[in-house]
Every structure is written in structure tokens, then in C-alpha cells.
1. Tell me which residues, restricted to the stretch 537-570, are modelled with pLDDT under 90 and open to solvent by less than 10 Å² (accessible area, probe 1.4 Å).
2. If only one of 586, 582 is assigned to a loop (DSSP other than H, G, I, E, B) and crowded, with 20+ Cβ neighbours inside 10 Å, which one is it?
3. If we scan the stretch 567-579, do we find a residue that is in a helix (DSSP H, G or I), over 30 Å from residue 662 (Cβ atoms) and not hydroxyl-bearing (Ser, Thr, Tyr)?
4. Looking only at strands (runs of 3 or more DSSP E) that fall completely inside the stretch 223-341, which ones have 2 or more residues that are among the β-branched types (Val, Ile, Thr) and open to solvent by less than 10 Å² (accessible area, probe 1.4 Å)?
5. Collect the residues in the stretch 612-633 that are of a type in the set (A, V, I, L, M) and open to solvent by 20 Å² or more (accessible area, probe 1.4 Å), keeping them in residue-number order.
6. Which condition number does residue 789 fail, the rest of (1) open to solvent by 70 Å² or more (accessible area, probe 1.4 Å); (2) over 27 Å from residue 543 (Cα atoms); (3) not in a helix (DSSP H, G or I) being met?
7. Would you please list the contacts, defined by Cβ atoms under 8 Å and residues six or more apart or on different chains, that run from a residue in the stretch 561-579 that is without any contact (Cβ under 8 Å) to a residue 12 or more places away in the chain to a residue that is part of a loop (DSSP other than H, G, I, E, B)?
8. If you scan the stretch 742-786, which residues turn out to be of a type in the set (Phe, Trp, Tyr) and surrounded by 17 or more Cβ atoms within 10 Å (Cβ to Cβ)?
Amino acid sequence: MSSHDCFFVFKRNTSPKQEAHYSVARLPPVHFISSLSFSMANQNTFPLYQKNWVKHTFSRAMDSMVLLLLLMLLGYRVCSRSINTFPWFVAFLCESWFTFTWITTMSTKWTPAHTTTYLDLLLLRVPELPPLDLFVTTADPVLEPPIITINTVLSLLALDYPANKLACYVSDDGCSPLTFYALVEASKFAKLWVPFCKKYNVQVRAPFRYFSDEATAKAYNGDLQEFRQEWFKMKEEYEQLSRKIQNAAQMSNPCQLVGEFAVFSKIQLKNHPTIIKVIWENKEGLSDGLPHLIYVSREKRPQHPHHYKAGAMNVLTRVSGLMTNAPFILNVDCDMYVNNPKIALHALCILLDQKGEKEVAFVQCPQRFYDAVKDDAFGNQLVALPMYIGGGFAGLQGIIYAGTNCFHRREVIYGLSPDHAIQNAKKDFGFTNGTLSKKELVQKFGTSRGFVESATHTLEGKTFTTNDKLFKYLDLEAESQVASCEYEYSTAWGKQVGWLYGSTSEDVLTGLIMHTKGWRSEVCSPNPMAFMGCSPQDNLGQMAQHKRWSSGLLDIFLSKHCPIFGTVFGNLQLRECLAYIWITNWALRSVPEICYAVLPAYCIITNSSFLPYKEPGMWIPVTVFVIYNISTLAEHLISGLSARTWWNNQRMGRITTMTSCFFGFLGILLKRLRISDTIFEITKKEQPSSTSGDENDGRFIFNESLLFVPGTTILLIQLIALVTSYWWWQPLVKNERAYGVGEVFCCAYLVICYLPFLKGLFRKGKYGIPLPTICKATVLAFLFVHLCNSAVTN
């Protein structure tokens, strides 16, 4: 402990039945305080969080060397006598794209930052914490089992936050009686679970994770006997809850569809009315009670578009606006449970800070996963990437909105601009002489009188008080209007207000528009990590996920919301624009990467070259390859990952780019040509197996999906090229080869990257590539060889 640290002793608010608790607030060193002109008399000027910039000197140096070498390689190609040959021209185009991509990567990574929050200062300065609405979204009880959803809900209900300031809304786009039944049963268990967590200060408040290790029972140092008794009782209650839900899941109807379940008796998946059920209401407004829990299934009709997750989020926003209208919103996916019960306080340190209150639109917490396959075999754990790229975003105008684990300002969701653009904001919302024009509010927010009133309160900085009757507009308007299919017609929802439509990556699009208006965002990554979730347990889920991401992101880049337009016509900062360009071009990146991947094989088959051979410039591409791999390996090792994990991430980077991202590119191309539209594919979520060493861990699973055709084709092309080189089947020039060891090495490297596909050629069952896929890939591979031979003949 430094002698320069400052401390405050203060009394926390407690109920009359509780003893007063005193806490010590540890403040940053005196030299930092003095720089902010902090004084005991004016403590409100002290920030609630601190932003710290990090210098990754080694990473900067290596990235700079890679960029210099790429520029030298481009210069060498331009000055070379071989520039007129087809392989060199294609290589020049691909490497130009790689260089541009590397510039955007470097710009994003150059100034990483992270935040430090001061919870005790928040409690000292804000005696009454603001209300917080919690949004949980689920869409399919099969792909997203209710047992996972209720664990997330239970962890949210047990947040270290006044219960009378919380309201949890669960959106069920699958309109499943099983999900509703699970929530009803979970609410009964929550009456035992929430007090238990707060009594013993339980850290992990998702029961399935908490009870997964019985050593937890020995972690508490209080009254051990009493704790163990309650621990085993709680575990038994949870196991009983799990059995109920599992048994219900095996039945066609989880329960008798009578009483409160009667509304599900005539339900069709995509053709049903709105269902809103208040499962639990904290009527007494107890701060140590159970927060409100509301089930929402919006209306769906076949002839009306429902806009996937973005549409569900907008319905939750309107329904919650009528019920609780909290100024802040936390949204999480159904699998992302709370791993740090104080995360709401950490986020509010940023959102309620004097500077953050005027500039920060949302606070994004990183995604982490508890069910990692050994050595991250499928490259989806996202550990090193957020540390360098995510931290780089945080050092610019702000981190992107990732769709989950995010705290929002409701007024920003409603389209409000930051303080420095307040005139535009007043114009947008129809302020007339300091008052709000109801006519323009109705045009933007819809015809619900209750919701327009709540939106007016939000935009004027007001919130419901504890004396306001909860759900006061529900029976009159919410059920028939705000969650209906037709409510958004002729309004600004999905265009200027709420989560924006037009892309399957509605999260990134919504965050981009906020940044374009001039808002900032911050990343919040306290210790322990805020949220934990489940990742795809096989390559099928991982590849489907990347396809959806890449197509949605490219859709944004090609739309009117392109980040370039945001910089030219809006308030998006230049380097933030480059960062958005980097992330929105995942799908477009697949085209030059596929071209570059087949170029070595083309050169071997046609006896040509695209790499310098027997020339002084041959050391340039070799050095680029070596330095790039050393740099990425170092980043993974610094992040605490293994060399095997690094290789798996490199391998999956090649595979997903040339398969999933390529199909994402084709999907958007067909959409722009109005041939077909993109669809939102839900990622399968499942709890990890209790047995260690699952036979599927790290092994590729194949099916007849077209996703596996490009990868199989690329593998076969490389194998054909290597065989051609070994047997000297290519036409010779002056009885010698025009290509060198570089082209052969590239082919061999790609074969190693596609080793799971190579193994799949010889395996059977789900681990083997289906015969139809092999046939399609073989036809494409021999077509490529035919084109190469035609090029030689011509």
C-alpha cells in the first residue's frame, strides 16, 4: 500500500434492522488527485473512473516492421520485370488489399486502453442508485435450452444492487410454453437463491456453475456448519428445479395449458398474439427482495417482418418503457450469466461520471467463455483478440457494441445526440421553445399515449419514482400496441430510434450510429470478469456463427451507414472509422485470401511464379511471414495462452475466412442483386458435458452443407499441385522450373492448415467429409486444373 494513497471512511445506507456497515474508499495516488485539483471540499469533481492507456511496445515494433515489409514488397513488384505476368499482377492486387487491411489493423491496435472504476466513490457520491432494466433474449427452446436461460436470469436477479431498482425482462421469440414454465419455476427457486447469495456473498451466482464444484462448500469462512447445511439444501433445490425442466422438455406440452398457461394452447411459432406475463412483482418495493420478472413474447404474423433480435430488443424497450422506464438498460444473451455481481456498479461508475455522463452512450463488457475446448481447437474463445483489437477500440472513440453484456442509456437508444450536438438533438425530437412537440414524438415513437409519455420523461431526464404504479399502462395499451407487428409502421423505430434494422449484425450497426452521432463508448472489464457464456462446442456452430457475423458486417459496409460516410458527414473519428472498416470487411477479405491461396498451386501447375525466385527480393515475403507469426505468437503468449492455442487460432483464421466469410460475401452479393435475402441463424447453446475429455473435443464434424465445399476444394488443389511438383508434370521452361521453394512451401502450409479436412477425407460418419461434398470439390478442383492448362496452352 502506497503512502500516497488517500482514504475516506463513510457509512453505507442500511435498513433499520441491520447494523451500520462502514467501508473504506481507496482513492488513487495523491499525484493523480492533485492533477485533477481534487479537494476534500469539492469531492464531486473527482472522476468515478480512470482511463489508462497501454503501450504494447513490442507489438507496435513488430506491426510496424510488417507494414514496412509489405510496402517494400509492393514496391518491388511494381519495379519488377515480371509485373506484366498474370500471377504477379494477381499477387500485387491481393497484397495491396492485405497492406490496406494491415494499416487498419495497426491503427486500431496502436493506442489500447482500459478503465479502472472506483466503486466506493460511486456509493459516496450517489446515495440513491438509479433504476436498471435487464433484458434477456432467447429465440428457440431447442437451440437455447431454458435451463441455460434461467441460470442467466437467476444470476441477474441476484446482482449486488437494490432489488427495487431492478426489473428483468425476458424476450422469448420462440413463444415457448417450456421457456415460460422454466421461468415460473425459476422464480420460486429465486426466493431462496437470491437471499443465499447475498447472505454468503457468493461470487458466481449462476447455480449450474456454482454447484459444479463441491469445493465451493469449503470456501466460506463464516459459520461453516450453517453454511454447509444451507449449501446442500440449495443444491438439492436446484437439482429438483433442473429435473422439472428436463422432464418438461421431454413432453410435447411441459404442463397443462390452463390458467396462466392457457394463452399457449393455440400458439403457432410465427403466428401468435402478444403474450406479456408478470411472473413476479416486487409490490412492496423492498430493496432486499426479489426484482420484477416479466415474460414477453411479441406478436408475430407471417405477412409482417419481425427483424430478428433487433425487433425483439425494440419491443422490450417499449414494454419496459411503459412499466419501469429505467434510465439505464443492460442487455445480455440467454447464455451470458453474471460472473461479477458488482458489475452494475462498475458500469455506473462510467455512466454516472461527470464526463462520462455527457459523452458515453454505452459500456461494453467483454465476452468470455467457461466451456473452452482444449487449446481452443476451433478458435472461438476470443482472448487475445479483445486484448489487442478490443483494447485498441477502447483507446479510440470507443469499443464496438457486441450485442450482449452491454449497459445502455435509454435516452441514447431513443436517438438522443450527445451534449455537443444538443441543437441537433432538439431538432430531432421536436423541441419547441424548450418543450417537446407531441406530434413529432408520436411520429417517431408511435401512437401509444403511455409510451410517448414515458419517452418524454426519458428525454427530459425524468424517471418513474417509487410511488408510480408499476405497469400502469400495460392493460390499456402495451399488450395491444407496443408489442404488436404493426406498431412500428410509419415510425422511426429501427431507422432512427432503438436497435436499427437492415443487418443481421444489428448490434454493430446500432453502436456505429451512436458513434457517428458523436457519442463515445467505454469497455468495462473488472476482476473477476463481468459475464461468462458458452461458446460453440464444434466447428459447425463456429462456422455458422462467423458466416452470420461476416455477412451482417459487410451489409453495413455496403449500406448508407458505411463508416466512411460516418466520418465524412458525421462525427465518427477517422481512426474509429478505420477500425470499423477493419471489422466490417471480414467477408470481403475472403476474396483476396482465396485468390492468394490458389495462386501457389496455379504457379506450380503452369510452371510460373508469383514470389521472387533467385532474386534479391526473395527475402521480403519470407521476413513478412516470420515476423508476422512471431508477433501473433507473442500476443497469445502474453495473453496467457499456449503455442498450440496460437496455432489453432491461425489455422481457423484461414479456414473460416475462406469458407464461412466467403459464403457471407456470397450471401450479401445475392442480397444486393435482389436474388435472395440473408437469414438470422441462431447459434446452438449447450451446457458442457460433465464428463471430461469428450470424444468430440477438437475434432471436426462434417455434413453436406455447402460451407465445406470451398475448404475441401482448396485442399484438393494444393494436393494436386504438390503431386504435380513432385512428379514434374508441369510444362518446363528451358528444362527447368520457373517457380521456387516458396510456392511449394505455401501449398504445404495450406495443407497443414486444412489438416482437419485432410483427415476428413479418410474418416467415416460425422467426422468424415460426405461423398457429395467430395464430389463437388473434386469437380471444382479439376476445373481449376483445366483452366490452368488452358492458360498454358494459350
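The values are calculated or read from the model by the stated rules, or taken from the named source; none is laboratory data. Predicted, not measured: the structure shown is a model, and the values here were computed from it. Every residue, glycine among them, receives a Cβ derived from its backbone with ideal geometry; neighbour counts consider all protein chains shown. Areas reflect the complete protein model, heavy atoms only, side chains present, ligands, DNA and RNA absent. Shrake-Rupley method; radii C 1.70, N 1.55, O 1.52, S 1.80 Å.
1. Within the stretch 537-570, 539, 542 qualify.
2. Checking each option against the conditions leaves just 586.
3. The answer is yes; a qualifying residue exists.
4. Once the strands (runs of 3 or more DSSP E) in the stretch 223-341 are filtered for at least 2 residues that are among the β-branched types (Val, Ile, Thr) and open to solvent by less than 10 Å² (accessible area, probe 1.4 Å), what remains is 292-297, 328-333.
5. If the condition is that a residue be of a type in the set (A, V, I, L, M) and open to solvent by 20 Å² or more (accessible area, probe 1.4 Å), then 618, 622, 624, 626, 630, 633 are the ones that fit.
6. It fails just one condition, (3).
7. 567/573
8. If the condition is that a residue be of a type in the set (Phe, Trp, Tyr) and surrounded by 17 or more Cβ atoms within 10 Å (Cβ to Cβ), then 754, 757, 784 are the ones that fit.
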